[in-house]
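Written below as structure tokens is the structure these notes are about.
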Amino acid sequence: MEEASTSAEVLDLLTRGPCDLMLLDVNLPGRSGLEVLEDVRRGWPHLPVLVVSAYPEEEFAIRCFRLGAAGYVAKDAAVDELVSATRRALAGGKYVTAALAEQLAAALGGEVPGAPHEALSPREMQVLRLVARGRSAREIAAEIHVSERTIQTYRARIGEKLGVSTNVELTRYALRYKLSD
């Protein structure tokens, strides 16, 4: 069993040797767990990843599943739930709690509209989180290696999708939905 505390360490460990299962936190120093999940799916597509997070399931689980997670378990869940999720993931399945299954069924049935941020691309979500942390367009551009103009384009798209026009409104939105640390 190996342990990593940053996104860079996670990817480094994976390059050193095989892994049967990954437990991944959404909140990692450096890049977010969601970004790491994307990298893992690209580089190790058959590795089951269980996301274990303090964030409420209704806010991140669907996004994690869309990115290829095998399950989402709250950190305060009972041990037997984590064991069940682990067994299901190792068997090649997906672990979904009863509450999330109900939420998914309602969404598929058109009963419950999704939150506006669910329409954001992974890159837009990354930019949203960085803006909410108070980073400038220039700082974000340097961090994710794109032009400042590209960040401005992402910012405009995010504003349209979320119905906000200023960085303050965007930050309030991110805080309300617990999308930023």
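The values are calculated or read from the model by the stated rules, or taken from the named source; none is laboratory data. Computed from a predicted structure; not experimentally measured. Positions of Cβ are backbone-derived with ideal geometry, glycine not excepted, and every protein chain shown enters the neighbour counts. We work out accessible area using only protein heavy atoms, side chains counted, and drop any ligands, DNA or RNA first. Shrake-Rupley method; radii C 1.70, N 1.55, O 1.52, S 1.80 Å.
Can you tell me how much longer the chain between Arg172 and Cys19 gets when fully stretched, taken as 0.36 nm per residue apart minus their C-alpha distance, in nm with one decimal? Kindly include the intermediate steps, with their values, before the conclusion.
Details: separation 153, 0.36 × 153 = 55.08 nm, distance 3.88 nm.
Length difference between fully extended and current span is 51.2 nm.
Put the Cα centre of region 113-174 next to the Cα centre of region 40-64 and the gap is 21 Å.
Taking every alpha-carbon pair under 8 Å whose residues sit at least 6 apart, the chain reaches a relative contact order of 15 percent.
With a cut-off of 16 Å, note down the residues of region 1-27 whose backbone N falls inside the zone around a label point 7 Å from the Cα of Ala54 toward its beta carbon. Under 16 Å, as judged by backbone N against the label point of Ala54, lie 5-6, 24-27 of region 1-27. Global dimensions of region 111-152 from alpha-carbon coordinates: Rg and Dmax equal 12.2, 41 Å.
Can you give the accessible area per residue of the chain, in Å², using a 1.4 Å probe? Don't jump to the answer; show the numbers that get you there.
Details: 10060 Å² over 181 residues.
Per-residue accessible area for the chain comes out at 56 Å².
The smallest convex shape that holds all Cα atoms of the chain, its convex hull, gives 122 Å³ per residue.
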